[in-house]
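Heads up, the thing below is written out as structure tokens.
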Amino acid sequence: PEILADYDLSRPITSKTGLRQGLAGYGDPHFSLFLRKVFIKALGYTDAALSLPIIGIINTYSSFNPCHSNANDLVESLKRGISAAGGLPVDFPTISIHESFSSPTSMYLRNLMAMDTEEMIAAQPVDGVVAIGGCDKTVPAQLMGGISANKVFLPLVTGPMMPGSVQGVRVGACTDCRNNWAKFRAGELDVEEIMAVNEELAPTGGTCGVMGTASTMACIVAGLGLVDLRSGATAPAVSSARRRVAEEAGKRAVALVKIRDEGQAGVKPQELLTVESFENAITVLQAIGGSTNAVVHLMAIINRHPDVAGKLTLKDFDRIGRKTPLLVDLKPSGDNYMTDFHNAGGMLALMHRLRPLLHLNVRTYTGQTLGELLDQSPFKDFEFSRKVVRSLEDPLWPACSLVVLHGNMAPDGAVMKQSASKDQRLLKHRGTAVVFENSEDLANRIDSDDLEVTKDSVLVLKGIGPVGNPGMPEAGLIPIPRKLGRQGVTDMLRISDGRMSGTAGGTIVLHVSPEAADLDSVFGVVQTGDGIICDVAERRLELEVDGGEIDRRRKERKNNPSGAGGNGQRWLTRKRQRGYRGLYERRVNQAHEGCDFDFLMAQPPSESFKE
Ligand code: FES
Ligand code: MG
């Protein structure tokens, strides 16, 4: 009957589902629908199939993205789940981003992928989508786009890779990439050995097997209540469990669309996700010792949500962190790999352990509350599990693995993973700044024997912020000057406006906001010789220069923006760049807001964005 009604010109097309949504294209909705049917029938569909709810599958397969190598298998499993539940699966591509094949940085492309995702969900007649993501920037991009598009939206991660093995020792990307390369440089491994390691670091497809950004974001989508707790975040990419997760996600997407069609609220991402859901996600982030990058991503995602934007800021990461211990023992903070986390019970085990700290009344992708879901999925505690997923009474780190610092040097905040510090004394430190104006300056001077630096100096790297070096590269892990390294110094206090890989460690302050390129920033006028105080217990990051002198330096810099590394000059010339790079440099917001484009935020652009 609905099919016949499509040809009844005397009555408007009332249904807003399946092919019948968004029919403005040709002015005449009946004709628009007629045309749509003409073209989709070229693929062999019947009218009966076309009257089912349409579930889009975002396929981010790319031969440049080994982290998504199983995407086509997952599409097949999703299609089975969607069809079995009475939906019509339709897969389509968006761009795919891999960490190693995205120059200048993958972060630079994240917002492009978020826009692609949002617009393709909005443009096409899908009732809901399942988005296949995995590699670091893809899951954040998809959540940003999915929340903004606000149709039924479920993430599906590709899952972690398996660990490899070299002479009986397990290895995995990418914490062990760094360790082994350092050994090769030091002459501890010969060419044959390092080549053998190269073959084993990523022995299967899937995302990096440690608690880097990809694993962190996978755990966060479980913390948000958007994937299966037992296997959704942790089942290996090559496992049959991963394909069952996909089949199940397909079924759930159809079920959510049916709930929506019954007129019930609470299934679209803007309804499903609340301030409490995001607080749970932040609790998970702290408990897994997650990547600092996830702070930037979560702020971008939060700021896409009209009801959550402005209600959660960087300060809430610190507030929640203070009561959340680090429980998951994975590299780089601990010893194990994602497959161990999965075998220990995965996010289900963690959520049970975190239960007293979570909001249990939030809704999940099943339609149930988190509390109901946990009650129905009991977790049997066992010895191996206690080793990898520690209890609240026996944590790896007591609280706040990630801290947020403020002070005159970072009025809008800076982030540090204190659980990754190698020298705890540096967590309360006063030292003299040794400033590098940009990455090039750093490369030229850091290993020079003439560099005036001691183990108590504070290494400062400017010019790697969102505008200063578009995409905010992961260069925040400033190397220890070689002459100090030779003396056995392994950690120093290091500060930058850039990011650091989730697989790295040290006493490193990141994401200083506003960045040095901003002509009004204090960070931009820090000079070699200035005193810097970092007090993590007090969450302070101070430049020991009085306000009058800071103002004098800022004024001087405005008069000569091309001085001192030219970061200020870039701030001015960014308006003249063409293409996506121009868009990026003109409109990217600061790290504490998520490095999204200001015009994509749910709330009007913030004060810190200056034309
Ligand atoms: Fe894709 Fe590490 S490179 S997850
Ligand atoms: Mg990474």
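Annotation note: GluC sites (Glu not before Pro) in the range 534-566 located in DSSP loop regions with a Cβ neighbour count of at most 14 within 10 Å are Glu538, Glu544. Pairs over the 25 Å Cα-Cα cut-off, from the set Lys37/Lys137; Lys422/Lys462; Lys183/Lys428: Lys37/Lys137; Lys183/Lys428. Spatially, the range 330-350 and the range 6-28 are offset by 50 Å when compared through their Cα centroids. Taking every DSSP helix (H) stretch of at least 4 residues in the chain, weighting each as -39,500 (n - 2.57) and dividing the sum by the residue count yields a mean residue ellipticity at 222 nm of -10500 deg cm²/dmol. With a Cα cut-off of under 22 Å and a minimum spacing of 8 residues unless on different chains, the lysine pairs in the range 307-389 number 4. Between amide H atoms placed 1.01 Å from N, distances below 5 Å from Val171 occur with Gly164, Ser165, Val166, all of them 5 or more places distant or on a separate chain. What would the Debye formula give as log10 I(q)/I(0) at q = 0.05, 0.07, 0.11, 0.12 Å⁻¹ for the alpha-carbon point model of the chain, no solvent? Once normalised to I(0) and log-transformed, intensities are -0.23, -0.44, -1.04, -1.21.
The slack in the chain from Asp520 to Ala123, taken as 0.36 nm per residue of separation less the alpha-carbon distance, amounts to 138.9 nm. Normalised by the number of residues in the chain, the mean separation of alpha-carbon contacts (under 8 Å, six or more apart) gives a relative contact order of 12 percent. Loop-located trypsin sites (Lys or Arg not before Pro) in the range 380-450 (DSSP state other than H, G, I, E, B) with a sparse environment of at most 15 neighbouring Cβ atoms within 10 Å: Lys380, Lys422. Relative to the longest principal axis of the Cα atoms of the chain, the long axis of helix 293-302 lies at roughly 50 degrees. In this simple spin-label model, placing a label point 7 Å from the Cα along the Cα-to-Cβ direction at both Lys380 and Ala84 gives a separation of 2.4 nm.
Relative to the longest principal axis of the Cα atoms of the chain, the long axis of helix 138-149 lies at roughly 50 degrees. With a Förster radius of 45 Å applied to the C-beta separation of Ala443 and Gln21, the computed FRET efficiency comes to 0.25. Its alpha carbons give the range 469-611 an Rg and a Dmax of 16.7, 52 Å.
Taking label positions 7 Å along the Cα-Cβ direction at both Lys422 and Ala49, the computed distance is 5.8 nm, reported to one decimal.
Axis angle, to the nearest 10 degrees, between helix 275-287 and the longest C-alpha principal axis of the chain: 50 degrees.
A short reminder: the numbers here are calculations on the coordinates, not readings from a lab. What you see is a predicted model, and the numbers here were worked out from it, not measured in a lab. FYI the Cβ positions are ideal-geometry reconstructions off the backbone, even for glycines, and counts take in every protein chain you see.
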